[in-house]
Each structure stands twice: as structure tokens, then as C-alpha cells.
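This report refers to the structure that appears directly beneath it.
Each value in this text was obtained by applying a stated rule to the coordinates, not by laboratory testing. Since we're looking at a predicted model, the values are computed, not measured. Cβ coordinates were reconstructed from backbone atoms using ideal geometry, including for glycine residues, and neighbour counts include every protein chain displayed.
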Protein chains: 2
Amino acid sequence: MKVGICGLGTVGSGTFNLILKNNSEIERRIGNQICVAQVGCRRDHPDCDLSDVHVTRDVFDVVRNPDIDIVIEVIGGIDVARALVLEAISNNKHVVTANKALIAEHGQEIMVAASEKGVQVKFEAAVAGGIPIVKAIREGMAANKVEWIIGIINGTSNYILSKMTESGGSLSFVDVLKDAQELGYAEADPTFDVEGIDAAHKLTILSSIAFGAPLRFDAIFTEGITQITSDDIDYAGELGFVIKHLGIARNQGDTIAMRVHPCLVAADHMLAQVKGVMNAVVVGGDAAGPTMYYGAGAGSLPTASAIISDVVDIVRSSGANIVENLGFEKSALISKKVVMVGEVVSRAYLRLIVSDQPGVMARISTILSQHKISIESLIQKNARAGYADVVIITNAILEETLDIAVRKLSTMDDVKNDVKRIRIADFFNV
Amino acid sequence: MKVGICGLGTVGSGTFNLILKNNSEIERRIGNQICVAQVGCRRDHPDCDLSDVHVTRDVFDVVRNPDIDIVIEVIGGIDVARALVLEAISNNKHVVTANKALIAEHGQEIMVAASEKGVQVKFEAAVAGGIPIVKAIREGMAANKVEWIIGIINGTSNYILSKMTESGGSLSFVDVLKDAQELGYAEADPTFDVEGIDAAHKLTILSSIAFGAPLRFDAIFTEGITQITSDDIDYAGELGFVIKHLGIARNQGDTIAMRVHPCLVAADHMLAQVKGVMNAVVVGGDAAGPTMYYGAGAGSLPTASAIISDVVDIVRSSGANIVENLGFEKSALISKKVVMVGEVVSRAYLRLIVSDQPGVMARISTILSQHKISIESLIQKNARAGYADVVIITNAILEETLDIAVRKLSTMDDVKNDVKRIRIADFFNV
């Protein structure tokens, strides 16, 4: 299957480069490399080496190229994108798009055209970036009547509200918007994001695939975050809530309710923990119960990840390769050297029961320092008469080294227990 | 495609009943109902009406029935299950199983047999119950080199640690285990769960499908939660951590590291919020970044949801129906009545700026009570000289009614602003 990419902005360039970077890993999964046969773009992208690819300045050349099987539409906007996608379909090409506005507003027409031609139109990247939420709902929840969806689906709004919350009242909406624009998290004209329109596009799509109802962008109640002040955030905090911008859809009997607006969320709910530009969607299925999907809602590579997963899906469903039962071609499984737990580096929690005598801590510290283990935190408590609990958080250390130190500590006269060791999950060093 | 179910315990009965309950919703997605042509079980299940289905007492009859296309294996255990699955495969049947021990310990042999026969073996239900984590990794992350996985994948252990944590030191491991056994969250013999073996089975499967490496249950370092005491949980809490039982796998260069053990997790990390019997898995992809998947890790209906999603996948990949681009057959989309936002019932946050005079609160309360709106919480603060901020959390009320009250409040002489209203997300009433 040959792929043509239309558009070489942030998402298009990420897609092009990610295919190059991970093509051998992708080949292990589907038995073939993805071949980018043509790129249509008004200008080259400084991050992309296009020397081996056929480049055309008119994106319509791509959808008219008889060699192309799958068109990736990442030009954005509505009118040209609509014409491009419809022409691709009429030329019997599958389409993968990241364009939420296009699907939300013209999806019906596009799906009818695709259905008539027997081609696929896929749009994982249109909702919540790198999170495979379309697949989770469409396939993972296929046995469920989906009853509701609730999610943080606009990263810009979530970034602004999170920063306002973290600042403790010192930063206003306008302050943080400016900061977000400088960081590239908000557009120069932020209307689509901060007024809730982008979230409404995404909720339109999620509601349709979850409830099996036509796309109804026109039926969504939409309110943005421009009226939320620091005072509101503070008062909500005092009452046990945080303010989030949510998309909410409910499917009940023969009715559907869809709305996008700021919301007070209980501070201990999972959605309250979703911060910065991250997205999360909770899906309420009648059998699975609530399941939540969390990750980066935008960005070049996360969006490219979603686009290519759609391409892989089309390749898998079109070819004979349905029997990679572990997710990789059986001949592509690679036996890897197993790292033993002793070779892992991480921090650790140590707990010692010691006799409550002078110099104990010095003797413990000496053994640790002999093995180049340092103490990040320490608690000492006189738990029982004559004994103390000593709890230590170590620095990140090779587990074998810690094993030796723990054995030495356990044999000290002062130490009354087999020293207890619990590992610490350091999430950037798992 | 005709389905045979082997086993009618908790998961088998849930699967049988869920197919009956949601068959018309499933038909909207795949164009056909799922037909359960045979059930193999040693005894009937009180929750299942088997009057319209062919029941056999020998499960091997099901895999020998030439009418059956897909065998659902939910008898559990290893030896008989292995023989059953291998015979199903050799009879050219697709297999769907919830059996993590079988796949982790004999998956290689089973996948080779399936590959030779060109049939599919699917096991979404084997890991993390209702969460579509196998699909997310295998398909959603197909464009990524998966670098690491970290997850809470044993609900029993998470329930026990959560309850010990919530009790503030008053409940021991043994106390909570007894409680969990009474609630059905732990087996009479809890060894597999509390010693980490069940989690190791699941991590074996996750590592293989994420990293494209053979299943290596033997290579997993495994430690359970039996040594964790209330004191450890308290000390960890003082240091800013909670204790969780985690599965951790890392894929680095030509090495793989896999381990299952208790871990200190920073209290503000998303995984620290995963409580009770819930599961969550974080997947670190090189393009998508970290994505997290959260939901019920066990239970009759969540597990049935995963099993049936696998059946649906097989039907979709085997038939001509690949063109339901919105996740439903185009003729099956149902236009639903749209509920306007005014018809939604929820609590609300109201903020008023009022003149700081006697009787103001009485006048506000009167207007609210005239519309049958009650006050759940209230903050009054003298923000500026002569003025006060009044913040009210209302009870759950029809939004139209609240609109009228808000308009009346806004025209009061005492009230100096257009009363601000922010909705509250009540998660069981979205």
C-alpha cells in the first residue's frame, strides 16, 4: 500500500518523519514498510529530508496519482480539505485525516461517499491526539451500549485553567493565554480553543461513534473559558472543586445531550488530576463501566502516532496479514536479553527497627556511604520503648549494590529486623 | 459467524447474558447479530436462560462442532484449557480467551498453531478486564516503539493496599484480605493475587505485545504485597508517597526488564489515584508519549465486554463489512432527539457581588427558595469595601429553572453583577 501525504506543517512533517524513524518497527507489526510515495505541500519543511520522495506543490496531484492507495489529509481548514478528501474517495483511495472540523461538520457527506466507494475514512488523530480514543470506543467498547462520555478534550483550555489554578490567584486568564501563545500551546487567534469550538468538534465525533447517531455539531451547547476568573478558581478550591473545561455527552433512551462548558469537578476525581495540555476521556459503557483514556492531546508526534495507527489499520484490514496474534508477525518477534532486577537502578524505601542508642544513625550512615548510597529523606520515630523505627529514602542506586548494603545493615547489632526494602517508582526511569 | 462458549462460571455467564442483552447494539456495529450456537458447561448457571441454546456437558463437544466458527474459552485453569484451545485451533476455529495464565505460559505454542492454521487467537480479556489495553498497545500504539509499561494490574492487591491506606493504619493486611474475600474480591486461596503471580502473567502478555518479544513468564521478577504493613503505608505517606503493587517493563536497546512488586508512587501521580479494584496501565511510546488506560480490572460484565469486543473484531476482519466508518453500519445510525442544555439537571456554582448590607442573604435565599433551589454550600467574603462576594453551590436543579432564578437575582438592587453560573460535573448524572 502506497501512502500520499497532503500538507507538511507541524502534523504532516511529524508524520513523514515518524514513518521514516519507526518503519522497521512498523514492518515487524504488519509485514511491510509503509511507503510514502508522494508528498503534496506548498513548501518544504526544514525538519524533513524530502530527497527520496516525489514532492508536488499542488495537493490535488496526490489524490489524482493512481499509485497512491491511502491519502493522509493534514492541510487543515475546511473547504479545500473537503474537496480534497471527496476527490480522494472518488478516486477509490482510503483517507486518513486529523481534521476534526472537517469530520464534525462534513463527516456525514464524506462517510456516505466513502461507503459508496467501499473505502475507509479514518480519523483517530482528530480527537485527543495520541490517545487511541476513537479505536477504544469504536472497537474496544463494541459490546457496550455507551451511556455517556465526559472528557478534557481541549489542551489549550486545560493548560490555561491548570496554570491559573497552580498560580494560586496570581495569574489571570489573559496572563496565561499570553504565556500559552508564547509556548505554542495557543494560536495567535485563540478563539477556536478558548471559546470551546474545538472541543465541540471533538465531542461531535465522539458522540457519533459512541452512540451510533449522526454527527450533530449544530446541536452542541458550547461555552468557553474566557469568563473564568482567578476568584472563581479560588472559591471552587475552597469548596473542594477544581474548574475544568469539559465535553459531556449523554445517551439516554431515544435522546442525546451534548455540551461543552467549564465545570466544577470534585478535587479527588481522576479528571481533576489531568493537568497542562494533557487530555483525558472517560467513557461510560453499560458493561465495561467507566474506562478512562489519558495522554497528550496534541503535538506533532502524538498526532502522527494516531495518523499512522490508522494507516496500519487499513493495511491490516486490506491484506492477508490478520494472523499476527501477538501484534507482531511471528517471524518478527525478537528475543531480547533479560535484565535481572539486580541490574535496575531506582530509589528505595528502607525500614529498620533499631535499638534506641547513641551512635546508631552514624553506624547506619557509614554502611550506606561505604556503598555510595546517599540518604534523600529520613524519618526516625521511637515506636516502642527502647526501639526506634528508622525509615530512609535512598538516592537512585543499582539494586545489587543496595542488596549488599541491606544485608550488612540487617546483621548489625543495633538493627533488630531484616531490613525492609520497597522499591520506588521513578517514572522517567522505569 | 457462530460462537461456542466453553465454561459458564462468572465470566462465561456474563458473556452469554451480555450477548443477549446488547445484540441489537452489536448488530448496528457489525451488520449481524452474534449467534451463540452452543454452550459447553458442567452445569447450568442460575443467571442464564439456556432454553434456546444447544447445551453440552463436555466442553470438547463445542470445539468439535463443525458449525462453530469462534470458540470462547472461559473455563480457566491451564491443562484442560490448553488442550481445548489447541483442538479448537486444529479444527480451524478462531479462539477468544480470558485466560492470562494460559497465554502467559503456553502462548507461544498456541500462537504458532494458530498461525499455521490461519486463525486468530485473541485475549483482550486476559489483561485488565474491561480496559481495551491489548488493542490500545497492539493497534493504537502501532506507530511507536514502546519503551516502557507501568501498571496496576491486580485488582485484589490494589483493593487491599487502598483499604489499608484509607484506614489510616487501623486495618492490617490480614484484616483487609478477609474483608476482600467476603466481598468476592479475593479467592479463598489468595496466593495468585497477593503473591504477584497473576500480575506477572499479565505483565508477560503486555510486554510481548508491546515490545514484540516472545512471552517470557519465567523471566519476570515477582514479589507480592504480603510483607507490606500499616506502618510502611504511614511512613510512605509522611514522605509523600502511596504504596501500590505495580507491574513494570522496560524495553531498552536489545534488553528487556520485567518486574512485579510493591512500589512507592509519588502521591500526586495519576497511578496514586487508582483505588480499590480498579486497574490502570501507562504505556510509554516514543511518539505518543505516555498514555494511560484506566477501568475495572475484573468482574463478570467488564470481562465479558472485552471478550465480545474480540469476537466483534474477528467478525469485522473476516467479513466484507469494513466500511462502517463511524463505527456503525451507515443504515444503523439512529437520529436521536437532542436534549437542550436547559433540560439538564445538575448542581451549579453561583457567584454574586452584593452590597454589604443587612438582609441581603435573606433576600437571595428567598428568591432561590421560590424556585425550589436549595443551598448546599455557601461562602461569603468581604472582598472590597462595601461589597461582598457570595458563592453558592446549589442542589441539583433543572437548568431552565436556575436560569430564571439567576435572571431574577441579577436584577436585585443588592446584586451588583450579572450572576455568574458555572455548572458542576456530577459524574453519576452527566
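Globularity index of region B:341-423 is 1.02 (Cα radius of gyration / 2.2 N^0.38 Å, N = number of residues).
Given their separation in residues at 0.36 nm each and the Cα-Cα distance between them, residue A:50 and residue A:175 gain 41.0 nm when the chain is fully extended.
Cross-link partners for residue B:178 among the aspartates and glutamates, with Cα-Cα distance under 13 Å and sequence neighbours closer than 8 places in the same chain left out: B:187, B:189.
The Cβ shell under 10 Å around residue B:347 holds other residues with a net charge of -1, Lys and Arg each +1, Asp and Glu each -1.
Dimensions of the protein assembly as shown based on its C-alpha atoms, expressed as ranges along the principal axes with the largest first, amount to 77, 75, 66 Å. Among A:336, A:420, A:275, the residue with the largest mean-square fluctuation in a Gaussian network model of chain A, with springs joining Cα atoms closer than 10 Å, is A:420. Counting DSSP beta bridges in the protein assembly as shown, what percent are antiparallel, to the nearest 5? About 70 percent, rounded to the nearest 5. Helical runs assigned H by DSSP (4 residues or longer) give chain B a calculated mean residue ellipticity at 222 nm of -11000 deg cm²/dmol, each run adding -39500 (n - 2.57) before division by the residue total. Sorting A:208, A:331 by the number of Cβ atoms found within 10 Å of their own Cβ, with the fewest placed first, yields A:331, A:208.
Just counting partner chain Cβ atoms within 10 Å, what average do the residues of peptide B:17-25 show around their Cβ? List each step's numbers first, then the result.
Working: counts 1, 5, 1, 0, 4, 7, 1, 1, 8.
The mean count of partner-chain Cβ atoms within 10 Å per residue comes to 3.
Multiplying each eigenvalue of the alpha-carbon gyration tensor of chain B by 5 and taking the square root yields semi-axes of 48, 30, 21 Å, largest first, rounded to whole angstroms.
Beyond 20 Å in Cα-Cα separation lie the following of the pairs B:163/B:244; B:2/B:135; A:275/B:163: B:2/B:135; A:275/B:163. Of the chymotrypsin sites (Phe, Trp or Tyr not before Pro) found in region B:351-430, those that fall in a DSSP loop while having at most 13 other beta-carbon atoms within 10 Å are B:428.
If both residues of a DSSP beta bridge must be in chain A, then about 70% of such bridges are antiparallel. Of B:262, B:132, B:46, which has the largest mean-square fluctuation in a 10 Å C-alpha GNM of chain B? Per the Cα network of chain B with a 10 Å cutoff, B:46 tops the list. Taking every DSSP beta bridge that has both ends in region A:191-343, the antiparallel portion is near 90%. Annotation: amide H of residue B:376 within the under-5 Å range of B:393, B:394, B:395, sequence separation 5 or more or interchain, hydrogens built in the peptide plane.
One decimal place: the segment residue A:188-residue A:331 gains 46.5 nm when fully extended, by the rule 0.36 nm per residue minus the C-alpha distance.
A viscosity of 0.692 mPa s and a temperature of 37 °C, combined with the Kirkwood radius over C-alpha pairs in the Stokes-Einstein formula, give region A:89-140 a diffusion coefficient of 286 µm²/s. Over all distinct Cα-Cα pairs of region B:293-380, the Kirkwood formula returns a hydrodynamic radius of 19.5 Å. For region B:324-348, the residues whose amide N sits under 18 Å from a probe point set 7 Å from the Cα of residue A:218 along the beta carbon direction are B:334-341.
Using C-alpha pairs below 8 Å separated by at least 6 residues, the relative contact order for region A:341-423 is 47 percent.
Under conditions of 25 °C and 0.890 mPa s, region A:33-171 yields 141 µm² s⁻¹ as its translational diffusion coefficient, taking Rh as the Kirkwood radius over Cα pairs in the Stokes-Einstein equation.
What does the average come to when, for each residue of peptide B:339-350, you count the partner chain Cβ atoms lying within 10 Å of its Cβ? Present the calculation step by step, with values, prior to reporting the outcome.
Numbers: counts 9, 4, 10, 1, 2, 5, 0, 3, 1, 1, 9, 0.
The per-residue average across the peptide is 4.
The alpha-carbon of residue A:21 sits under 16 angstrom from the alpha-carbons of these lysines, leaving out residues fewer than 8 places away in its chain: B:145. When the Gaussian network model of chain B links Cα atoms closer than 10 Å, the mean-square fluctuations of B:337, B:117, B:163 top out at B:337.
Rounded to the nearest angstrom and listed largest first, the equivalent-ellipsoid semi-axes of region B:133-298 from its Cα gyration tensor are 28, 17, 14. Extent of region A:242-301 along its three principal axes (Cα atoms, max minus min coordinate, largest first): 37, 27, 21 Å.
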